[in-house]
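What follows is a short report on a single structure.
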There are 2 protein chains.
Amino acid sequence: MSDAASPNAPSNRSRINRYRWLAHYDKETIYAILDAMPVAHIGYIHDGNPIVTPTLQWREGNRVYWHGAAHGRMMTATDGAEVCLTVSILDGLVLARAAFNFNINHRSVMVFGRPEAVTDPQEKTRLLKRFVDGYVPGQWDRLRPVTSQEINATTILSLPLSEASAKLRAGPPEDNDDDYAFPVWAGVLPIRLSVGVPQPDPRNLAEVTVPETLSAFSIG
Amino acid sequence: MSDAASPNAPSNRSRINRYRWLAHYDKETIYAILDAMPVAHIGYIHDGNPIVTPTLQWREGNRVYWHGAAHGRMMTATDGAEVCLTVSILDGLVLARAAFNFNINHRSVMVFGRPEAVTDPQEKTRLLKRFVDGYVPGQWDRLRPVTSQEINATTILSLPLSEASAKLRAGPPEDNDDDYAFPVWAGVLPIRLSVGVPQPDPRNLAEVTVPETLSAFSIG
């Protein structure tokens, strides 16, 4: 429970105060969580109200990216405005001896900042290729080629990872010292994301085969 | 793609405009998603900035509940303020013939409103029992009994489900008509949450046994 793991929060709002011994601010930890879980929940303010929209993120270097329909509420409301992008992975239920110490094992990242739109069509195309190939290596070149209308209809936003924090909990329950003598089973029920067997589209042409690189996909 | 599934959004901000044919506003659909996925991402405004905090939610009737440390940022900032509670479940990658039609199968719920704190200690205790027993039926009565200090140190917030929407996508890719002749594999890669084998705490007493009801737990 030392603070050794979290000496340097990049800002006040990204400093983790609750359970601060679970906090990490190093790039390696932050990158690993972002790379393991493409689903992000993006928080923004629209007409004075907070909104949280799930979307897919991907990371390149020290930035995180997401994309969407150019005229969608989330993309127009977040372009240049303050956002909070949160990625979380549930790793297990932690069943303690006291309800008060019930917990979850998890990994999460929170990123604050003002996203910027990528405007150059070539850079947008490069980033979308990276997005698609991040799921299935080589897939972009197999697909029906993208059109300039499609690139124009897509907004890509990006956020630097300069104001980010991670929080991790793993391992067995932590009960009050006195409670370890209480006769109830305690432990962890692991939870993970798993990938199933690819389901071909019934409208596939007879000659197509599933890309071999699809089997490399993992999540969580 | 008809609007038949989404005639009655409860408010403007909860009306789904993008892919509105995926929208649902009926209680049955909203309840099923909330009941399948305890992890919620709660968006709120703190010092003018949006923040998204993952936490565990549970539903009772037409309300959703979450709890936390009474003095934590999330609990104090969300009590009585506008929030957006979002729950999302990733069901699969939808690999289309064009990158533009890349998609995910998913189920999500968005709830808007101002949460209220539950203040009565007996009601708080009843709700926490429901929270714990929602994971492992009967578990509350097996645990070291809760203390009044623990109840006081816990804030429970609740939000009515009166301003909620759901969004679901399932099934194969939807490509442009012309693209179905393009010779690339298309289909769905299913993703699901799975529960592993319980890991006993190394500090368990020799005589304790894993509760049978733990095997009933499922998620997603």
> Say we look at the range B:81-134 and pick out the residues that are within 9 Å of another protein chain (Cβ to nearest Cβ) and basic (Lys, Arg); which of these is nearest to the chain's Cα centre (by Cα)?
Replying inline: B:129
> Among the numbered criteria (1) modelled with pLDDT of 95 or more; (2) in a helix (DSSP H, G or I), which single criterion is violated by residue A:206?
Replying inline: (2)
> Is at least one residue of the range A:152-163 under 30 Å from residue B:171 (Cβ atoms) and within 10 Å of another protein chain (Cβ to nearest Cβ)?
Replying inline: yes
> Among the residues of the range B:135-160, which ones are under 22 Å from the mean Cα position of the chain (by Cα) and of a type in the set (A, V, I, L, M)?
Replying inline: B:136, B:156, B:157, B:159
> Which residues, counting only those in the range A:198-220, are without any contact (Cβ under 8 Å) to a residue 24 or more places away in the chain and at the interface with chain B (Cβ under 7 Å from one of its Cβ atoms)?
Replying inline: A:198, A:199, A:200, A:201, A:202, A:203, A:204, A:205, A:207, A:208, A:209, A:210
>> Restricting to the range A:101-151, give me the number of residues that are over 26 Å from residue B:54 (Cβ atoms) and touching a Lys or Arg at 6+ places or on another chain (Cβ under 6 Å).
In response: 4
> Mind checking which residues of the range A:75-90 are among the polar types (S, T, N, Q) and in a helix (DSSP H, G or I)?
Replying inline: A:76, A:78
>> I want to confirm something. Restricting to the range B:136-150 and keeping residues that are in contact (Cβ under 8 Å) with a residue 60 or more places away in the chain and crowded, with 20+ Cβ neighbours inside 10 Å, which single residue is nearest to residue B:204 (Cα to Cα)?
In response: B:139
> List pairs: first in the range A:10-33 and over 16 Å from residue A:113 (Cα atoms) and within 10 Å of another protein chain (Cβ to nearest Cβ), second in a loop (DSSP other than H, G, I, E, B) and not hydrophobic (A, V, I, L, M, F, W, C), Cβ under 6 Å, 6+ apart or cross-chain?
Replying inline: A:18/B:72
> Can we say residue A:93 is in a helix (DSSP H, G or I), at pLDDT 95 or above and either in contact with a strand residue (DSSP E or B) (Cβ under 8 Å, 6 or more places away or on another chain) or farther than 30 Å from residue A:15 by Cβ (or both)?
Replying inline: no
> Which ones in the range A:38-61 are among the small types (Gly, Ala, Ser), within 16 Å of residue B:81 (Cβ to Cβ) and assigned to a loop (DSSP other than H, G, I, E, B)?
Replying inline: A:48
> What are the residues in the range A:35-50 that are within 7 Å of chain B (Cβ to nearest Cβ) and touching a residue at least 24 places away in the same chain (Cβ under 8 Å), if any?
Replying inline: A:39, A:41, A:43, A:44, A:45
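Could we say that residue A:137 is closer than 24 Å to residue A:37 by Cβ and assigned to a loop (DSSP other than H, G, I, E, B) here? Walk me through it before giving the result.
On the way: closer than 24 Å to residue A:37 by Cβ: yes; assigned to a loop (DSSP other than H, G, I, E, B): yes.
Answer is yes for this residue.
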> Take the residues of the range A:164-197 that are without any contact (Cβ under 8 Å) to a residue 12 or more places away in the chain and over 30 Å from residue B:208 (Cβ atoms): which is nearest to the other protein chains (Cβ to nearest Cβ)?
Replying inline: A:196
>> Restricting to the range A:56-71, give me the number of residues that are surrounded by fewer than 18 Cβ atoms within 10 Å (Cβ to Cβ), in contact with a strand residue (DSSP E or B) (Cβ under 8 Å, 6 or more places away or on another chain) and of a type in the set (Gly, Ala, Ser).
In response: 2
> In the range B:64-121, how many are under 22 Å from residue A:87 (Cβ atoms), charged (D, E, K, R) and free of Cβ contacts under 8 Å to residues at least 40 places away in the same chain?
Replying inline: 1
>> Please go through the range B:51-80 and give me each residue that is hydrophobic (A, V, I, L, M, F, W, C) and within 9 Å of chain A (Cβ to nearest Cβ), ordered by number.
In response: B:51, B:52, B:56, B:69, B:74
> What is the one condition in (1) of a type outside the set (Lys, Arg); (2) closer than 27 Å to residue A:94 by Cα; (3) not in a strand (DSSP E or B) that residue B:193 does not satisfy?
Replying inline: (3)
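The values are calculated or read from the model by the stated rules, or taken from the named source; none is laboratory data. Values in this document were obtained by computation on a predicted structure and should not be read as measured data. As a convention, Cβ positions derive from the backbone with ideal geometry for all residues, glycine included, and neighbour counts pool all protein chains shown.
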